[in-house]
Amino acid sequence: MTMDAMVPDGLDTATPNVARMYDYYLGGKDNFAADREAASRILKVFPDTPVAARANRDFLRRAVRHLSAAGISQFLDIGSGLPTQGNVHEVAADARVTYVDNDPMVLCHARALLGGASDVSIIQADLRKPESILGHRDLNLDLSRPVALLLVAVLHFVTDDEAPYDIIARFRDALPSGSHVVISHLTTEGVPEEHVRAGRAAYKNATAPIVPRPRADIRRFFDGLELIDPGLTRIAEWRPDDPNTPRSHGFAGVGRKH
Ligand SMILES: C[S@@+](CC[C@H](N)C(=O)[O-])C[C@H]1O[C@@H](n2cnc3c(N)ncnc32)[C@H](O)[C@@H]1O
């Protein structure tokens, strides 16, 4: 059964929703006609988006696996998205994980699917208000020990007017030495201007606008951190499992706080 057949009361299905559009690219069923219509405008211009979305998910899993093997046992996953396969607490099985998203449907599904797991906490909050996350009573992380902050495919929903670099700095300053920040981000690099415009237009009336950025602007998110090997790369090229990496629509990296 698709979600269209069982719409919960009060859910806005008419506005294209960035979490559900991503679910559609990943082949999920938690999306509605308006989401699919906006997503299909993206697919017209960027037909390999489903491959790129899976590559992004794979990056998240590789980064979590890497950090987990390096001894990190706490993860703060902001903009966690609709639960899919290989969620953070499944990859880092013994870790404490807090999932954060500002979308009510994500929260509803996350609570239903992930809430039973021990050491997992789920918070509805907004990345643009760091204090509402860092001070949240359900944050199940010990901020005196290293944390991996995951901002995977979410910073491109924060506009320049919303001070994205100040947001990152606030989190970076709140986390102790040995913490890591994991970022993937859509780019304008190598994308024809009219495609960038069409992409932005498809998200214009969605729950968040999309802001792909040039590589140098994405690199700035790691200011004050040491980029661990192999640095800021195309998303699929960050410590790939398979040398035949698919096409990526953005850059990814992991920064370490000294
Ligand atoms: C493209 S999905 C990425 C999901 C997951 N991080 C991944 O990479 O597979 C972006 C998610 O970020 C969430 N999001 C967008 N803006 C946000 C904000 N200001 N605060 C918290 N979550 C946000 C959306 O609701 C959506 O679930």
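Values quoted throughout were computed directly from the atomic coordinates according to the rules given, and no laboratory measurement underlies them. Keep in mind the model is a prediction, meaning the values are calculated, not measured. Don't worry about glycine lacking a Cβ; one is built from the backbone with ideal geometry, like all the others, and counts go over all protein chains shown.
Using a simple spin-label model with points 7 Å from Cα along the Cα→Cβ vector, what separation in nm is obtained for E162 and L43?
Output for this residue pair reads 2.6 nm.
How many times 2.2 N^0.38 Å is the alpha carbon radius of gyration of the chain?
With N residues counted in the chain, Rg over 2.2 N^0.38 Å equals 0.95.
Between R36 and A201, what is 0.36 nm times their sequence separation minus the Cα-Cα distance? Round to one decimal in nm.
My answer for the length gained is 57.9 nm.
Reachable lysines from K29, Cα under 26 Å, same-chain residues fewer than 8 places away excluded?
Those lysines meeting the cut-off are K44, K204.
With the contact rule set at Cα under 8 Å and sequence spacing of 6 or more, what percent relative contact order holds for the chain?
19
Which parts of region 140-171 would a label at S177 reach, counting a residue when its backbone N lies under 15 Å from a point 7 Å out along Cα-to-Cβ?
Taking a point 7 Å out along Cα→Cβ of S177, the residues of region 140-171 whose backbone N falls under 15 Å are 144-147.
With label points built 7 Å along Cα→Cβ from the Cα atoms of D241 and R111, find their separation and express it in nm.
3.3
Could you work out the relative contact order of region 148-258? I mean the mean sequence separation of Cα pairs under 8 Å and 6+ apart, divided by the number of residues, in percent.
Result for region 148-258 is 34 percent.
At R0 = 41 Å, how high is the FRET efficiency between A216 and A93 if r is their beta carbon distance? Nearest 0.05 is fine.
0.65
What percent do you get for the relative contact order of region 1-115 when only Cα pairs under 8 Å and 6+ apart count?
Averaging sequence separation for qualifying contacts and normalising by length gives 20 percent for region 1-115.
Can you work out ³J(HN,Hα) from phi for every residue in region 53-66, in order, using Karplus 6.51 cos²θ - 1.76 cosθ + 1.60 and θ = phi - 60°, giving whole Hz and x for Gly and Pro?
Couplings: 5, 5, 5, 5, 4, 5, 4, 4, 5, 5, 5, 5, 4, 4 Hz.
With a point put 7 Å past each Cα toward its Cβ, work out how far S132 is from K29 in nm, to one decimal.
Spacing of the two 7 Å Cα→Cβ label points: 3.2 nm.
Stretch S118-V51 to full length: gain in nm at 0.36 nm per residue minus the Cα-Cα span?
20.9 nm
Shape of region 1-128 from its Cα gyration tensor (a ≥ b ≥ c, root eigenvalues): rounded if a/c is under 1.5, otherwise prolate when a/b > b/c, or oblate? Don't skip to the answer; put the middle values down first.
Working: a/c = 2.30, a/b = 1.42, b/c = 1.61.
Here region 1-128 falls in the oblate category.
Based on the mean of other Cβ atoms within 10 Å per residue, sort peptides 176-189, 238-251, 29-42 so the most packed one is first.
In descending order of packing, they fall as 176-189, 29-42, 238-251.
For region 212-247 and region 114-190, write down the distance between their C-alpha centroids in whole Å.
Each part reduced to its Cα centre gives a spacing of 18 Å.
Grab the alpha carbons of region 48-112, take their convex hull, and tell me the volume per residue in Å³.
Spread over its residues, the Cα hull of region 48-112 gives 82 Å³ apiece.
For a quick check: with amide H placed at 1.01 Å from N, whose amide H comes under 5 Å from G250's, ignoring anything fewer than 5 positions away on the same chain?
When sequence neighbours closer than 5 places are left aside, the close amide H contacts are T187, I235.
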